[in-house]
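The values are calculated or read from the model by the stated rules, or taken from the named source; none is laboratory data. No experiment lies behind these values; they were computed from the predicted model shown. We place every Cβ from the backbone using ideal geometry, glycine too, and count neighbours over all the protein chains shown. Just so you know, the surface numbers come from the protein's heavy atoms only, side chains and all, with ligands and any DNA or RNA stripped out. Shrake-Rupley method; radii C 1.70, N 1.55, O 1.52, S 1.80 Å.
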Amino acid sequence: MKKVIQSIAIIVVGLFIMTGCRTGNGNIAYNAVLYNADNWINEDFANDNMIRNIHYYDDEHNEIIFTNDESYPSSRTFIVENLEDYDKIFINNINELDVDFNKQMLIVYTFMAISRKKLTLVSTDLQDKKLKITYKSISKAGVGDTCMPYQRWIVIKQDKVEVESVEFVSKIEFVN
């Protein structure tokens, strides 16, 4: 009997972990969608918003630079709620990113990454005007899964909500 109760408890906990961060209809809260957006960011905007511990190519001096001083933040987050801000950040003609700013908003996040693997959205949670966004990457154990540190950009498109701050949480799933 004790094993049956333990088995049921494990199943219930497993179901909660798999679905607890999602709304009842099986979608991420606020209809949020994550886009891997490295190629969507305006070059001038990217240059003005560098982060710490990345390598980038300096055309002017024809060399690779490493941003390892504390004057750069470790990440940056931008809340985009209008077309004016959108036009400052993004290049033109991004077909996948059709936004109705009357109903939707974008959260742009940039951080140092050492892998170019696709990221997926796990959950979004809003508490006291603080939006917590959790995403994951799948990492292969062993050699060949990393690259030189670079500045990665992701965009979350979601229903418009009142937000004062955003926290991003990264999870890594290791596979063989």
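Let's see how each residue does on (1) under 20 Å from LEU121 (Cα atoms); (2) in contact (Cβ under 8 Å) with a residue 60 or more places away in the chain:
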| residue | (1), (2) |
| --- | --- |
| TYR30 | yes, yes |
| HIS55 | no, yes |
| ASP69 | no, no |
| GLU84 | no, no |
| PHE90 | no, no |
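Among the residues of segment 162-175, are any among the β-branched types (Val, Ile, Thr), farther than 25 Å from TYR57 by Cα, exposed (fewer than 10 other Cβ atoms within 10 Å of the Cβ) and over 12 Å from the mean Cα position of the chain (by Cα)? Scanning segment 162-175, I find at least one residue that is among the β-branched types (Val, Ile, Thr), farther than 25 Å from TYR57 by Cα, exposed (fewer than 10 other Cβ atoms within 10 Å of the Cβ) and over 12 Å from the mean Cα position of the chain (by Cα), so the answer is yes.
Residues of segment 106-161 that are polar (S, T, N, Q) and open to solvent by 70 Å² or more (accessible area, probe 1.4 Å): GLN127, THR146. Going by the structure shown, is GLU96 of a type in the set (Asp, Glu), open to solvent by 80 Å² or more (accessible area, probe 1.4 Å), in a loop (DSSP other than H, G, I, E, B) and in contact (Cβ under 8 Å) with a residue 60 or more places away in the chain? Taking the combined requirement at face value, the residue satisfies it. Counting only residues that are free of Cβ contacts under 8 Å to residues at least 24 places away in the same chain and of a type in the set (Val, Ile, Thr), segment 121-175 holds 1 of them.
Identify the single condition in (1) modelled with pLDDT of 95 or more; (2) over 15 Å from the mean Cα position of the chain (by Cα); (3) not hydroxyl-bearing (Ser, Thr, Tyr) that LEU121 does not satisfy, given that it satisfies every other one. So LEU121 meets the others, but not (2).
One line per residue, one yes/no per condition, for (1) under 24 Å from PHE45 (Cβ atoms); (2) within 11 Å of the chain's Cα centre (by Cα); (3) among the polar types (S, T, N, Q); (4) modelled with pLDDT under 95:
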site	(1), (2), (3), (4)
MET105	yes, no, no, no
MET112	yes, no, no, yes
ILE138	no, no, no, yes
GLY142	no, no, no, yes
PRO149	yes, no, no, yes
ILE156	yes, yes, no, no
LYS160	yes, no, no, no
